Amino acid sequence: MTKKLEELFDFPRNEESNNQEKLSVEETKQALVEIDITLDKIDAALPAITDLATSDRELDEIANLAKESFQDLSDLGMQVDSRYSAELFAVASTMLGHALTAKTAKLNKKLKMVDLQLKKLKMDQDAARNAPESAMETAHGQVLSRNDLLERLIATGAQKTK
């Protein structure tokens, strides 16, 4: 387990957990309930993030502005004296670097969001797979002898034919 998860859920450190005894079933259930409540709070907070599209637009604007500045500076560097053009081309390449950085930041943000969504989906699947048995529905049955079962089957068959 990572240190950040240990801090988030107030778990003891790995060194400390080796020295402690195991939790009882009731303590484990209580811890799972608390973790579930915390995850619900996190889920409720996630939809509140609404500036994702705005920041994408801003990064696109920065990248486009940097590309236009690169083009303008490159054109200017071609028209001025050769002793000044080197500095203009250096600034132009810096502008192109800013455009690349803006596009990379946008892509990294999208990848991080996809990664978080995949992690949440995996946690939800693990939680569903490891759900306590009390949450599972059970069937109610009766103990019948073979003859009682045959009588019931014959009775239901007779009712369906009527």
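General observations
- Evaluated with a Cβ-only charge set (Lys, Arg +1; Asp, Glu -1), segment 57-162 carries a dipole of roughly 760 debye about its Cα centre, given to the nearest 20.
- Legend: calculated FRET efficiency, THR101 to THR28, from the Cβ-Cβ distance at R0 = 45 Å, rounded to 0.05, equals 0.45.
- Once the Cβ-Cβ distance of ASP75 and LYS109 is raised to the sixth power relative to R0 = 30 Å, the FRET efficiency obtained is 0.40.
- Listed residue pairs exceeding 32 Å between alpha carbons, taken from LYS4/LYS109; LYS3/LYS41; LYS41/LYS109; LYS41/LYS67; LYS3/LYS110: LYS41/LYS67
- Phi-based couplings in Hz for segment 148-155 (Karplus 6.51, -1.76, 1.60; Gly and Pro marked x): 4, 4, 4, 4, 5, 5, 5, 5
Only the coordinates and a few stated rules stand behind these numbers; no lab work does. Note that this is a predicted model, so its numbers are computed, not measured. Please note: Cβ atoms are built from the backbone with ideal geometry, for glycine as well, and neighbour counts cover all protein chains shown.
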